[in-house]
Amino acid sequence: MSLDKDTVKQIAYLARMRVADEKLEPLAGELSSILDWIEQLQELDTDGVEPMASVSDVTLPQRKDAVTDGNCQSAVLQNAPDPEDGFYTVPKVVE
């Protein structure tokens, strides 16, 4: 597939990109090369090939899906300016 200068100008307009006129022709060539490469890739027979998210077979470690408070109340309240009965205190904002 080959793109011409006017098509690239229209694509740039739709993408809301400003491209100088002297750069349209080289950009058309680059985009045409990319489209040619994509056409080559589409010629490959990928029947029976499972889609994959990564080229390496890595599984991430998983933890139990359980809610915990972390049991670190004192560490959490360590930076509280004025803790009271194990809770943060904030100034009253509503009368």
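Pick out the one residue from TYR13, TYR88 that is touching a helix residue (DSSP H, G or I) at 6+ places or on another chain (Cβ under 8 Å) and of a type in the set (Phe, Trp, Tyr). Full working, then the answer.
Working: TYR13 fails: touching a helix residue (DSSP H, G or I) at 6+ places or on another chain (Cβ under 8 Å).
Checking each option against the conditions leaves just TYR88.
Restricting the first member to the stretch 79-95 and to residues that are free of Cβ contacts under 8 Å to residues at least 60 places away in the same chain, and the second to residues that are part of a strand (DSSP E or B), the beta-carbon pairs closer than 9 Å and six or more apart or on different chains are ALA80/PHE87. Listed here are the helices (runs of 4 or more DSSP H) enclosed by the chain that have at least 2 residues being surrounded by fewer than 10 Cβ atoms within 10 Å (Cβ to Cβ): 21-42, 73-77.
Every number in this text was worked out from the coordinates using simple rules, so none of it is lab data. Predicted, not measured: the structure shown is a model, and the values here were computed from it. Cβ: placed from backbone, ideal geometry, glycine included. Neighbour counts: every protein chain shown.
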